[in-house]
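Computed from the coordinates by the stated procedures, all read-outs in this text should not be read as laboratory data. These numbers come from a predicted model, not from an experiment. Cβ sites come from the backbone with ideal geometry, for glycine too, and all protein chains shown count toward neighbours.
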Amino acid sequence: MSEISLPLQPDPPEPPRPKKKRPARPPRDGVSKERNHRRALVTSIVISSIVVHAVILLIFGIWTVAKHFTRPEARFEMKKVVKIPPKTPEHRMNVAKHEAMTPKPTFNDKLVSTRPVEFALPELPQVNLDQMLPLDPSQLISDQVNGLVGSAALGAGLGQGLSGAGGTGQGMSFFGVQTQGQRILLLFDVSASVVNKANAAGIPLERIQEETIKLIGGLPIAAQFSIIQFTGNYMPFTEELIAATPGNKNLAKQWVQEKWVTSGSMSAATSGVVSNLHGVVGVLQRATAMRPDVIFLISDASFQWRPGGAGGLSNIPYEEIRKAVDQVSKGSQAKVPIHFIAFEPKADDVSEWSRLVRRTGGEFRELKGE
């Protein structure tokens, strides 16, 4: 039998394994710390937002479910409509019948005035009898017949050649220019050059006055007229066109005989004279305001103005004259003919003014000395 011998001392324990050492982290600088801080802040904000929205959605879901279970049941009600039956109008008919049977009050007493009192009627205003229509039956009948048959039956002209006017039709003739119209305006250039040229043409100032008076005297009662004489400034006979009554015709005759300018100049200080620095342009503007339907312009076709004041005197550009001529017919339903009667005009002025008056339907007539 063999013996087993056991060692009395145990095996020595294994030595502990050495631990691996982690590499030391480098120290953090300030930039890395700031970046990590921001990242942590953003992460916390996002998580908080998610949590808040989740809580809100949970509360909204609970409220919706609770509202569904607590909804009241539908109830159908039928309300009773109360109607009042219509009443018969018997009572009203009886009242109306009773009122119809009652006698109505009558007033037999009347207020009668046996004499005028202070408050009866006001005094009649003063009326200018010259503006009244004449009571001559022949003139009234003549106007009516002329309106029915036209100027062909009674004659379209009121004279021939240099005759002023005559007859009862609507036509008229002035220095050989025949025209028709109811609102006549005469524009006379009374400057010294026109007076001299008119005398050279064998038509002195007295003849012009005489023909003007004849024209006005032959106008029918339904016509209206006025006169404006001018050099640079101008003097109108009236502010507006007036009716061709006998009284107004006499006033025009007196004005032509007494107020006619013969000196060739017209001072603005004279009574009735209007200051005008624009020459014939200003006169045509005044004529436009009077709304005529035919205009006679008597001049030598040479016009000046002072646009810069009382200093420089220069010829008016025809472009400005053309604008003033076109303005005359602007507010009228038809063109307003401008008939130009010129005393010895220059060739250039004849060409320009002929075109201007033809645009209006007027006539340019030149009067030269023999």
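Extending 7 Å from Cα along the Cβ direction at Ala222 and again at Thr43 yields two label points whose distance is 11.1 nm. Under a 5 Å amide H cut-off, with hydrogens placed 1.01 Å from N, Arg183 pairs with Gln224, Asp293, Val294 among residues at least 5 apart or on other chains. Rounded to the nearest whole Hz, the Karplus-based 3J(HN,Hα) values (6.51 cos²θ - 1.76 cosθ + 1.60, θ = phi - 60°) of segment 354-363 follow the sequence 4, 5, 5, 6, 5, 5, 8, x, x, 10, with x at glycine and proline.
Ordered by the count of other Cβ atoms within 10 Å of each Cβ, fewest first, Val350, Val357, Val46 give Val46, Val350, Val357.
Among the listed pairs Lys323/Lys346; Lys253/Lys323; Lys214/Lys259; Lys197/Lys335, those with a Cα-Cα distance over 27 Å are Lys253/Lys323; Lys197/Lys335. Proximity of backbone amide H atoms, modeled 1.01 Å from N, is registered between Arg306 and His278, Gly279 at under 5 Å, excluding neighbours fewer than 5 places apart on the same chain.
Look at the Cα gyration tensor of segment 289-362: its axes a ≥ b ≥ c give a/c of at least 1.5 with a/b at or below b/c, and that counts as oblate.
Phi angles of segment 32-42 translate, via the Karplus equation with coefficients 6.51, -1.76, 1.60 and θ = phi - 60°, into HN-Hα couplings of 5, 4, 5, 5, 5, 5, 5, 5, 5, 5, 5 Hz per residue; Gly and Pro are given as x. If you bin all the Cα-Cα distances of segment 182-367 at 10 Å, starting from zero, the percentages per bin are 9, 38, 40, 12, 0.
Amide H contacts under 5 Å for Gln229: Phe188, Met235, Phe237, restricted to partners 5 or more places along the chain or on a different chain, H placed in the peptide plane at 1.01 Å from N.
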